[in-house]
Structure formats: C-alpha cells, structure tokens
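Visitor: My questions will all concern the structure given below.
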Amino acid sequence: MSDLVVHDVVIVGAGPVGLFLAIELETAGVKPLVLERLVEPDDGIKAAAVGAAGAEALERRGFAGALDEQQVTLPMAKAARAGAGPVKKPGGHFSALFVIDQDLQRAPERHSRMVPQEALERILAERASELGIEIRRGVEVEGFEQDDDGVRVRTSAGPLSARYLIGCDGGRSSVRKLAGFEFPGAGSRWRVSSRTTTACACGRARAR
C-alpha cells in the first residue's frame with residue numbers, strides 16, 4: 001500500500017461504540033488505532049442510560065462494578081410514571097416516556113442501567129488505556145482510498161494505512177458520507193396524544 005506502518009484496524013470515533021469495539025479487538029489479539037476529532041471528551045448531556053442488552057454485554061466483559069459505581073438515580077422517574085407506586089428500575093421507555101410497567105415485561109429482571117453516556121465513555125477509555133490501546137485525539141478523517149491491500153486514510157494529522165477502516169463516528173458519520181453510503185431514514189410513524197400519560201404507536205393507543 002505504501003511505506004507507512006500498516007495498522008490492523010483504524011476506528012474513527014472514541015465514543016462508547018468505538019471504544020468498546022477497540023477493547024473487543026484488542027482482547028482478540030487485533031491491534032486497533034482509534035481516531036477522535038475532539039481534543040477532549042465531550043462532557044455535555046447525551047444519552048442518560050444504557051439499555052438492557054447493552055448493559056448485559058458490558059457486564060459480560062467485566063464492567064458490572066464500574067457501572068454500579070456510575071449509576072445514578074432519576075428523581076423524575078416517579079413523575080414519569082404518573083405517580084403509580086414506588087419508583088422502580090426502568091425496564092424501558094417509549095420515546096423517553098417511562099411508561100413501561102416492568103412487572104409486565106417478559107423478563108422483568110432485565111433493566112436499563114442509569115449510567116450517563118459521558119460516564120460510560122470514561123469507563124471504556126480507562127479500560128482502553130489499561131490495554132494499551134492508542135487513541136489519537138484532535139485528528140479528523142478527511143478522506144480515504146481503498147485497494148486490494150487495505151485502506152489509505154487521509155487525516156488532519158497526516159496519512160495512515162490500515163487493513164480495515166471502521167466508522168464509529170455517530171449519526172453524522174464522516175466515514176459513512178465519504179464512503180457514499182446512503183442513510184436517508186424514514187418519516188416518523190409515531191404520534192403522541194395530548195391525553196394524560198398516553199403513548200400512541202402506529203395507530204394503536206392506550207390512554208388513561
């Protein structure tokens with residue numbers, strides 16, 4: 001490809017997805033390099049919780065204790081449940097309205113972990129550092145070319161070569177756009193009634 005060092009995998013994005021993928025690859029013996037355009041982690045308000053399936057995946061990888069330490073309580077949960085009894089661990093939500101009765105779930109012991117995204121990113125970044133994973137911050141991908149041997153990546157810090165390039169850089173992914181992958185989405189099919197604590201989906205409604 002070139003005289004550059006050829007990385008096994010270059011991951012673009014040091015959010016939860018990119019960091020977790022890097023940890024998985026490193027654990028499997030594949031050396032990742034993570035690129036992140038932000039110089040410092042973004043501590044702004046983002047996702048407030050980790051879904052049940054995601055939490056279980058993290059627990060299987062030994063993060064249960066760290067999640068316990070970072071888990072927060074949600075004072076607004078009682079109001080979201082319209083005063084219906086004691087506050088429980090949220091089983092899930094409908095469009096950010098916590099109206100799912102955990103007792104009626106098929107597996108009520110499964111629940112979201114109220115761990116903010118910024119805390120999860122710190123947990124994963126610490127683990128990545130322990131494993132010796134290289135994270136280059138302040139580096140933005142500007143383009144790339146692929147051939148039979150791999151990918152040559154043009155970045156704001158200079159060119160890189162890799163066998164694989166993976167975009168984990170969010171809904172506005174620059175990697176996706178540069179690759180020409182369509183992501184048109186679809187029009188909303190959700191409706192919200194003005195009646196109290198009512199959620200409507202695809203024409204089916206439940207009102208109180």
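Throughout, read-outs are computed from the coordinates displayed, never taken from laboratory work. Bear in mind that the values here come from a model prediction, so they are computed numbers and not experimental data. Neighbour counts run over all protein chains shown; Cβ positions are idealised from the backbone, glycine included.
Visitor: Take peptides 66-72, 15-21 and line them up by average Cβ neighbours within 10 Å, highest first, as a rough protection proxy. Don't skip to the end; give the middle numbers.
Guide: Working: 66-72: 14.9, 15-21: 21.3.
Highest to lowest by the protection proxy: 15-21, 66-72.
Visitor: Could you check how many percent of all C-alpha pairs in the range 132-187 are farther apart than 12 Å? Mind showing how you got there, number by number?
Guide: Working: 1086 of 1540 pairs.
Looking at the range 132-187, the distances longer than 12 Å represent 71 percent of pairs.
Visitor: If packing is taken as the average count of other Cβ atoms within 10 Å, what order do 130-138, 178-186, 147-155 fall into, highest mean first?
Guide: 147-155, 130-138, 178-186
Visitor: Using a simple spin-label model with points 7 Å from Cα along the Cα→Cβ vector, what separation in nm is obtained for Val72 and Glu118?
Guide: Each label point is offset 7 Å from its Cα along the Cβ direction, giving 0.8 nm.
Visitor: Figure the gain on full extension for Arg172 and Arg137 (residue separation times 0.36 nm, minus the Cα-Cα span) and round it to one decimal in nm. Numbers along the way, then the final one.
Guide: Values: separation 35, 0.36 × 35 = 12.60 nm, distance 1.83 nm.
Between Arg172 and Arg137, full extension yields 10.8 nm more.
Visitor: Ok, one more. Return the sequence-ordered ³J(HN,Hα) values of the range 18-31 in whole Hz as given by the Karplus equation 6.51 cos²θ - 1.76 cosθ + 1.60 applied to θ = phi - 60°, using x for Gly and Pro.
Guide: Along the range 18-31, the couplings run x, 5, 5, 4, 4, 5, 4, 5, 4, 4, 8, x, 9, 8 Hz.
Visitor: Excluding Ala48 itself, calculate the net charge of residues whose Cβ lies under 12 Å from the Cβ of Ala48, where each Lys or Arg counts +1 and each Asp or Glu counts -1.
Guide: Summing Lys and Arg as +1 and Asp and Glu as -1 gives +1.
Visitor: If packing is taken as the average number of other Cβ atoms within 10 Å across a peptide's residues, how do 6-14, 167-175, 117-125 rank, most packed first?
Guide: The densest-packed peptide leads the list: 6-14, 117-125, 167-175.
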